[in-house]
Amino acid sequence: MKNNWPTKKLGEVCEFLNGLWTGKEPPYIKVGVIRNTNFTKDGTLDDSNIAYLNVEKKQFEKRKLICGDVILEKSGGGPKQPVGRVIIFNKDKGSFSFSNFTSVIRIKDPKELNFNFLHRFLFFSYISGITEKMQSHSTGIRNLDSKLYKNIDIPLPSLHEQHHIVKILDEVFAKVAKAKEDVEKNLQNSKALFESYLQSVFTNPRKDWDEKKLGEVCNFVRGPFGGSLRKSIFKKEGYVVYEQQHAIYNQFSKVRYFIDENKFNEMKRFELRSGDLIMSCSGTMGKIAIAPVGIKKGIINQALLKLSPNKDLINVFLKNWMESAVFQNDLKKYTKGAAIKNVVSVKILKGIKIYIPKLAEQKLIISKLDALSAETKKLEAIYNQKLANLEELKKSVLKKAFAGEL
């Protein structure tokens, strides 16, 4: 920090208010409650899904948000999501409070500290990893150590200089946001090129393509009944039990469950072989993967469907077709379940129509899709690096701001 800037502990210049519980003592009042879901990674308030709840009036009176309050996420993050995000409450109308997973940081003396300056400083503390060192884990939930947080040293240049710093940061952040918007638009466009070609291939089949039912060109095997694979039978090693994650993430190296040789032989009908397709059939549905060469010997579990195409249908062509809107839209029509979606019977899936060109044309289509996919991934890597660079630029500017180097 700049040598001539005085500093104080955060707890000296700000008061901290804990969030509310809904409570059980009337009278009640309906208020908008800011929760973790209203925090964005950019430090802004997302008010698109504010929850409106009936809370105890006496609790609300102590915890009513006022414009300029900085709201701190103090609890609720997972193992890979540190808490400590901050947002500014910028509404001057309506009744709003904040949840028990958050705290409000309120400036004691507005003549000493500007709330926008405070927010930018705490935002910098979060994205630079300072607050991550102040966290503990309890039953998988991250919690911020409030004593350590209140002990953060905050620089206190003159109010005039604080306003000047905020103005510069706002200008830089606006330019970064516009640059990110342009990059993200280009990223979406690159993905759209591949999707457009994929859809055009299967939405407009040529007249010489053979019309078949999926069951005529594929062998279907739905995973075994759930009771057949109780956790009590799993071993530390042996034959693999392939799960939904292998279809969803298209990876076959990370495995969690194994069975012994006797169980494998008993369930050999469900064996997964190289070249077979697997499809996720519960919850996250319709994700497809092809079992690679050299796959570890194993079986599919109850949440997967295995498809083995015949000699007239190349597995990669089938995978591309199943990932297209043509098949995915049909799949949505044949799902059931309110909370957790499940694919209906294999019999219905077997009846879905597929149009199949000759093998030579299948290979040509696969080649074009592979080339376009490779180019799309190359562009995605470039654009993702640009987005990462913009985030680093934001960190760098913030670091200079609070070192007095702007």
* Asked: Is one or more of the residues making up the stretch 89-98 hydroxyl-bearing (S, T, Y) and within 28 Å of L387 (Cβ to Cβ)?
  -> no
* Asked: What about F115, is it surrounded by 15 or more Cβ atoms within 10 Å (Cβ to Cβ) and closer than 20 Å to L20 by Cα?
  -> no
* To do: Run N310 past the list (1) within 19 Å of V240 (Cβ to Cβ); (2) touching a residue at least 40 places away in the same chain (Cβ under 8 Å); (3) of a type in the set (S, T, N, Q) and report the number of the one that doesn't hold.
  => (1)
* Asked: Which is in the same structural domain as V241 (by TED's automatic domain parsing) and surrounded by fewer than 21 Cβ atoms within 10 Å (Cβ to Cβ), of I300, I288, I295?
  -> I295
* Structure fact -> In the stretch 1-29, anything out of contact with any Ser or Thr (no Cβ under 7 Å at 6 or more places or on another chain), at pLDDT 90 or above and not β-branched (V, I, T) is listed as W5, P6, K8, K9, L10, G11, E12, C14, E15
* To do: Go through the stretch 138-149 and give me each residue that's within 22 Å of L113 (Cβ to Cβ) and either surrounded by fewer than 17 Cβ atoms within 10 Å (Cβ to Cβ) or at pLDDT 95 or above (or both).
  => S146, K147, L148
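Listed here are the residues, each with its yes/no results for (1) surrounded by fewer than 16 Cβ atoms within 10 Å (Cβ to Cβ); (2) under 20 Å from K74 (Cβ atoms); (3) touching a residue at least 40 places away in the same chain (Cβ under 8 Å); (4) not assigned by TED's automatic domain parsing to the domain that holds K111.
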position	(1), (2), (3), (4)
L20	no, yes, yes, no
K24	yes, no, no, no
V31	no, yes, yes, no
I34	no, yes, yes, no
T40	yes, yes, yes, no
G43	no, yes, yes, no
S48	yes, no, no, no
Y52	yes, no, no, no
F60	no, yes, yes, no
* Being over 27 Å from E195 (Cβ atoms) and surrounded by 14 or more Cβ atoms within 10 Å (Cβ to Cβ), is that true of even one residue in the stretch 334-345? -> no
* Asked: Looking at this structure, is H119 touching a residue at least 40 places away in the same chain (Cβ under 8 Å), in a helix (DSSP H, G or I) and not assigned by TED's automatic domain parsing to the domain that holds V33?
  -> no
* Please give the number of the condition L169 fails out of (1) surrounded by 14 or more Cβ atoms within 10 Å (Cβ to Cβ); (2) hydrophobic (A, V, I, L, M, F, W, C); (3) at pLDDT below 90; (4) outside the structural domain of A325 (by TED's automatic domain parsing). => (3)
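Each row is one residue, and each column tells you yes or no for (1) more than 22 Å from the chain's Cα centre (by Cα); (2) more than 30 Å from K311 (Cα to Cα); (3) of a type in the set (K, R); (4) at pLDDT 95 or above.
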{"position": "E184", "(1), (2), (3), (4)": "no, yes, no, no"}
{"position": "Q188", "(1), (2), (3), (4)": "no, yes, no, no"}
{"position": "K191", "(1), (2), (3), (4)": "no, yes, yes, no"}
{"position": "S200", "(1), (2), (3), (4)": "yes, no, no, no"}
{"position": "P224", "(1), (2), (3), (4)": "yes, no, no, no"}
{"position": "S228", "(1), (2), (3), (4)": "yes, yes, no, no"}
{"position": "S232", "(1), (2), (3), (4)": "yes, yes, no, no"}
{"position": "K235", "(1), (2), (3), (4)": "yes, yes, yes, no"}
{"position": "V240", "(1), (2), (3), (4)": "yes, no, no, yes"}
* Structure fact -> Counting only helices (runs of 4 or more DSSP H) entirely within the stretch 142-250, those with at least 3 residues that are among the aliphatic types (A, V, I, L, M) are 159-203
* To do: Go through the stretch 303-313 and give me each residue that's over 14 Å from K212 (Cβ atoms) and not small (G, A, S).
  => L304, L305, K306
* Wholly within the stretch 307-406, which helices (runs of 4 or more DSSP H) include no fewer than the required count, namely at least 1 residues that are more than 28 Å from the chain's Cα centre (by Cα), within 30 Å of A174 (Cα to Cα) and among the charged types (D, E, K, R)? -> 359-402
* To do: Filter the stretch 174-211 down to residues that are within 30 Å of V397 (Cα to Cα) and among the charged types (D, E, K, R) and give me whichever is surrounded by the most Cβ atoms within 10 Å (Cβ to Cβ).
  => K180
* Within the stretch 268-286, considering residues that are assigned to a loop (DSSP other than H, G, I, E, B) and modelled with pLDDT under 95, the one farthest from R230 (Cα to Cα) -> G286
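The values are calculated or read from the model by the stated rules, or taken from the named source; none is laboratory data. Values in this document were obtained by computation on a predicted structure and should not be read as measured data. In this analysis, Cβ positions are derived from the backbone assuming ideal geometry, glycine residues included, and neighbour counts consider all displayed protein chains.
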